[in-house]
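The values are calculated or read from the model by the stated rules, or taken from the named source; none is laboratory data. Values in this document were obtained by computation on a predicted structure and should not be read as measured data. Neighbour counts run over all protein chains shown; Cβ positions are idealised from the backbone, glycine included. Keep in mind that these areas ignore ligands, DNA and RNA; they rest on the heavy atoms of the full protein, side chains included. Shrake-Rupley method; radii C 1.70, N 1.55, O 1.52, S 1.80 Å.
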Amino acid sequence: MATRMIPLLPGTRRSPSGERVPDPRRSAGLRPGTPGATGSSHPRELGAIRLSVPVGLHTGLGCDAVGVPARFGFKILSRLPAKGCVYADSDWWWWLVPAGSDQDVTWPLPACYARGAEIPDRRPRLIHHPDGTSPYTPPIPLYLLVCQLTGIAPSWAGPPVSSAR
């Protein structure tokens, strides 16, 4: 029996389990004036911006960002014990985390990890300002919540285990 591939809609990608998830770096729109813009399914690439940190917050650890589809936004925000800067647009919510928060960690789909806090330009706005002077959301609680909401078991690489006897 032959299997038939079903094309993805523009602006989506497949998760490891095979389900369709939104791709934050693509939009279903087309560039006006490009060949095939009438009826073609060539997705339009979005420009990128770097999330700006509000004045007075200390970014000594560098900044990366973790994005999730908006449907997870309020659930994550309400469950986090500590929250840094959170940005949102109509489709994605982004949390600032210290640079390197992806080291030895695989963020589950549909989450998106953005080094340098450079994200697709969908005109995100700051929706949560932290109380203190740190712009960061602690990455481990954020990671565990994203895993819980997506139904993916947490997974990170640890130091090699030696079999000393």
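Mind checking which residues of segment 101-112 are surrounded by 15 or more Cβ atoms within 10 Å (Cβ to Cβ) and not β-branched (V, I, T)? Even if it seems obvious, please write down each step before you answer.
Step one: list which residues in segment 101-112 are surrounded by 15 or more Cβ atoms within 10 Å (Cβ to Cβ), which gives 101-102, 105-112.
Of everything in segment 101-112, those that are surrounded by 15 or more Cβ atoms within 10 Å (Cβ to Cβ) and not β-branched (V, I, T) turn out to be S101, D102, W107, P108, L109, P110, A111, C112.
Within segment 86-100, being without any contact (Cβ under 8 Å) to a residue 60 or more places away in the chain and either open to solvent by 30 Å² or more (accessible area, probe 1.4 Å) or in contact with a Cys (Cβ under 9 Å, 6 or more places away or on another chain) (or both) holds for S90, W94, W95, L96, V97, P98, A99, G100.
I'm trying to understand the selection: among the residues of segment 113-128, which are of a type in the set (G, A, S) and either part of a strand (DSSP E or B) or in contact with a helix residue (DSSP H, G or I) (Cβ under 8 Å, 6 or more places away or on another chain) (or both)?
A114
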